[in-house]
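Note sheet for the following structure.
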Amino acid sequence: MALLATLRESSQRIVIKPNVIAHMARHRQLSWFSREAGGQLFGAIRSDEVVILAATGPYRGDQRSRSSYRSNAKSAQRAIDLNAKNGLFYLGEWHTHPEEHPVASADDRSAMSKLLRASSTRLETLLMIIQARQGVAIYSFGAQGFVEWTVSDGAVLHACEEHR
Ligand SMILES: [Zn+2]
């Protein structure tokens, strides 16, 4: 089942496909010794929605601890190039947190702003998904600053839309 992320003040939405949700959920930090995992997000950009179609990582050579994650730069770039060949845009990053409910840390925010400045693409906004033990949080980082999106179950929203 897909997840949807929306903003009250915007008609834009983010769709997260089930395979992406499953990929991130496999790396949840369910035991006291599991380390953070993460990687990159890829998909399609349309006028009214961003669809996250694929997630990659973690990679060999990543820097991983209980409370931090950084992708191996070469592996991340390889994933970006490979997905570009398949027509999928690099959209941003995902990583896990050992906490029950995900909250972006100050380090997460500064990492995203660094990535955005370093980004050689035309991307004006980068997405960040945090997979906690229970549930995910989705943030965008760009001209509007750091914005947390409201995540909801895709099936529920679709049902509501059909009643309009
Ligand atoms: Zn984090």
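FYI, it's all coordinate maths here, none of it is from the lab. Here the structure is a predicted model, which is why all the values come from computation and not from measurement. In this analysis, Cβ positions are derived from the backbone assuming ideal geometry, glycine residues included, and neighbour counts consider all displayed protein chains.
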Within the range 25-63, residues more than 21 Å from residue 134 (Cβ to Cβ) and assigned to a strand (DSSP E or B) come out as 40, 42, 43, 44, 45, 49, 50, 51, 53, 54, 63
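Given the criterion under 21 Å from residue 151 (Cβ atoms), of a type outside the set (S, T, N, Q), surrounded by fewer than 19 Cβ atoms within 10 Å (Cβ to Cβ) and over 12 Å from the mean Cα position of the chain (by Cα), identify the matching residue among 46, 60, 66. Before you say what the answer is, go through the steps one by one.
Numbers: 60 fails: under 21 Å from residue 151 (Cβ atoms); 66 fails: under 21 Å from residue 151 (Cβ atoms).
The match here is 46.
Among the residues of the range 9-53, write down those that are among the small types (Gly, Ala, Ser) and out of contact with any Leu (no Cβ under 6 Å at 6 or more places or on another chain). Explain how you work it out, then say what you get.
Our first condition is that a residue be among the small types (Gly, Ala, Ser); within the range 9-53, this holds for 10-11, 22, 25, 31, 34, 37-39, 43-44, 47.
Selection gives 10, 11, 22, 25, 31, 34, 37, 38, 39, 44, 47.
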Filtering the range 93-103 down to residues that are more than 6 Å from the ligand (Cβ to nearest atom) and in a loop (DSSP other than H, G, I, E, B) yields 98, 99, 100, 101, 102, 103
Flagged pairs (Cβ under 6 angstrom, 6 or more apart or on separate chains; first in the range 86-105, under 20 Å from residue 119 (Cβ atoms); second near the ligand (Cβ under 10 Å from one of its atoms)) are 92/128; 93/128; 94/38; 95/36; 95/38; 95/69
